[in-house]
1. Which of the residues belonging to the stretch 416-470 are open to solvent by less than 40 Å² (accessible area, probe 1.4 Å) and either at pLDDT below 65 or over 27 Å from the mean Cα position of the chain (by Cα) (or both)?
2. Can you tell which of T90, T65 is touching a helix residue (DSSP H, G or I) at 6+ places or on another chain (Cβ under 8 Å) and among the polar types (S, T, N, Q)?
3. Being farther than 23 Å from G293 by Cβ and open to solvent by 30 Å² or more (accessible area, probe 1.4 Å) is the filter; apply it to the stretch 369-395 and report the residue that is modelled with the highest pLDDT.
4. Take the residues in the stretch 206-256 that are closer than 22 Å to S64 by Cβ and of a type in the set (K, R), then tell me which one is least open to solvent (accessible area, probe 1.4 Å).
5. Among the listed residues E39, E109, identify the single one that is open to solvent by 10 Å² or more (accessible area, probe 1.4 Å), modelled with pLDDT under 95 and of a type in the set (D, E).
6. Since V149 meets every condition but one in (1) of a type in the set (A, V, I, L, M); (2) touching a strand residue (DSSP E or B) at 6+ places or on another chain (Cβ under 9 Å); (3) open to solvent by 20 Å² or more (accessible area, probe 1.4 Å), which condition does it not meet?
7. For the stretch 187-205, which positions are among the aromatic types (F, W, Y) and open to solvent by less than 10 Å² (accessible area, probe 1.4 Å)?
Amino acid sequence: MTYPSLNVEFHSMMMMRPITLQNVAVIGAGAAGLVAARELQREGHKVVVFEREDRIGGTWVYNSTTESDPIGIDPFRTVIQSSLYASLRTNLSRDCMGFRDYPFVASKEANRDPRRFPGHREVLEYLNDFASEFGLSELVRFGTEVRNVCLEGGKWKVRSRKGGDQLDEIYDAVVVCNGHFTEPRIAEIPGIETWPGRQIHSHNYRDPEPFQGQVVILIGSAASAVDISRDIAGVAKQVHIASRSVTDGTIGKLPGYNNMWLHSMIESVDRNGTVVFQDRSAVRADVILHCTGYMYHFPFLDTNGIVTVDDNSVRPLYKHIFPPPLAPQLSFVGLPWKSKWIAGVLSGRIALPSSGEMMADVEAFYRTLDVSGIPKRYTHNLAASQFEYYDWLAAECGYPAAEKWRNQMYSAATKNRMARPETYRDEWDDQHLVSQANEDFIKYSSSNTVQKEMDSSSLNNQSSSSTPTTQEL
C-alpha cells in the first residue's frame, strides 16, 4: 500500500484547529484499549473504558482454564478471554515491541523476567506498569460487559452489564479495542464429521501434558504453531505438522526431532481415524490441533449493516481505522499511532478527508488487493508495508517516523527466527541495534525509574547476543 506524503504546511494548519472535547467509550482494557485511553485522555476527552474481566491486560492475562468447547465453535460455550499457553515467550524483543515513550525495559524488581524475549507474565507486568504510570485503571469499569452499541439520535448508545445490573449510556464516540483472539478460525476438512478423534483449537492449548503418548496432527505454520509443536513433541508419540506454505523439498522429518514430521495440508480424514495429506502420506491420529488463527468478532456492534466482517476482512475501514460513513465517531484500534490519530481527529485538531474521499481511498485499496490476488482474510495483514503505514500515521499526528533501528530490529528478528527457530529468543546478532535503542530510550523517557532500570539491565542484554541466558503489542 502507498501512503501519501505529508504536506507540512497543511498539517500545521490542522494542528491549530479549535479543539472539541468528546465523551468517548473505549471497549476493552488490553494493550490497545490502554493506549487508546491514554491518548484520548491526553487530548482532553472524557474517557470510560469497559472491561469484562476483573483486571487489565486483555489477551496477556494468562488463564489456565479452557473453554467448554475445545474447538471453539459452540456459540453457547463458556468463553475464555486468553489464548496464552504456559510456556509462551514473546516472538518480538521487548525493545522492539514497547511503546515509544514508555520503553519496555527490563525491571530490576524481584520476580520480574529480564530476558530480551520475556515470558507472557512480564508483558502483563509491563502493561500494569504503564497503566499505573498514567492512572489508566481509574478510567476502567471492571467486570462490565458491553452488550450492545448502536446509533441513537446521532450519538452512540452503549448498553453494558455488570452482574445483574444493566445500564444504557450515550457517548459521542466509540473506540473498539476488544481484541481478536477469542473467536477461533477452524480449518475445513473433508470427512471431519465422522472422524473419531479429538479436535482442539490453539486458543484452548495450555500445556503439553494432555497429549502424552498420542499422535497429534497440528495445522498451521505461524508463531504459535511453531511453539506448540515443539512443546508437544516432548511428550507426544508423534507430531505431524500440516502447512499450506510447505514445499516438496521440506516435507519429511524435522531436523533435531525423532517424532516430528512436516506435511502438506490435510486432504481428508476417515472414520477409521486416518488423516490423509495432500502429499498422499497418511497417519492414524488421536488429535487434530488447529493453530489456524482467529476471526474478527464484534457481536455487540450494531451499525445497520454499514460495517461488516467478510472472510475476516472488516469493511469498509479507512486506513484500517475509520468506517467512512461513521467517521470519526466509530473507530477500531490495534496500534498506538492509531490511538493518537483518533484522539486528534475527535478533538478536531486533525482533519479527515470527506466521507466520499475516504470511501474512494478504501475502494482503491480493495481493488489493489483483488488485482494482487490477495484473499480478503489478509486485508489487515500489513506485512512489508507496516512501517510505511506507521510512519504515515505518525506524520498525520505531527510526530517523527519510526526509528531506523526499530525497523531493522524487526527485520533482524524475523530472519533470526527463520534461521534459529529453536534458539532465536536467546541468541541474536543485533546487539548494535539494542545499543541504539537504549540511547533513544534515554531521550524519550522522562522517568528516572525507567532510566535506572535500563542502566541495570544493559549488561543482561549485552550478554545474550552470544551466549544463551537461560507475542506483539
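1. Taking the stretch 416-470 first, the residues open to solvent by less than 40 Å² (accessible area, probe 1.4 Å) are 416, 424-426, 428, 430-431, 433-434, 437-438, 440-441, 445, 447, 450, 453-454, 457-458, 461, 464-465.
Result: S447, V450, E453, M454, S457, S458, N461, S464, S465.
2. On the way: T65 fails: touching a helix residue (DSSP H, G or I) at 6+ places or on another chain (Cβ under 8 Å).
Sole residue among the options that is touching a helix residue (DSSP H, G or I) at 6+ places or on another chain (Cβ under 8 Å) and among the polar types (S, T, N, Q): T90.
3. V371
4. So, considering only residues that are closer than 22 Å to S64 by Cβ and of a type in the set (K, R), the one least open to solvent (accessible area, probe 1.4 Å) is R206.
5. Details: E39 fails: modelled with pLDDT under 95.
The conditions single out E109.
6. (3)
7. So the first thing to find is which residues in the stretch 187-205 are among the aromatic types (F, W, Y), and the list is 195, 205.
Within the stretch 187-205, Y205 is the sole residue that qualifies.
The values are calculated or read from the model by the stated rules, or taken from the named source; none is laboratory data. These numbers were taken from a predicted model, which means no experiment stands behind them. Because the Cβ atoms are built from the backbone with ideal geometry, glycine has one as well, and the counts that use them run over all protein chains shown. SASA here: full protein model, heavy atoms, side chains in, ligands and nucleic acids out. Shrake-Rupley method; radii C 1.70, N 1.55, O 1.52, S 1.80 Å.
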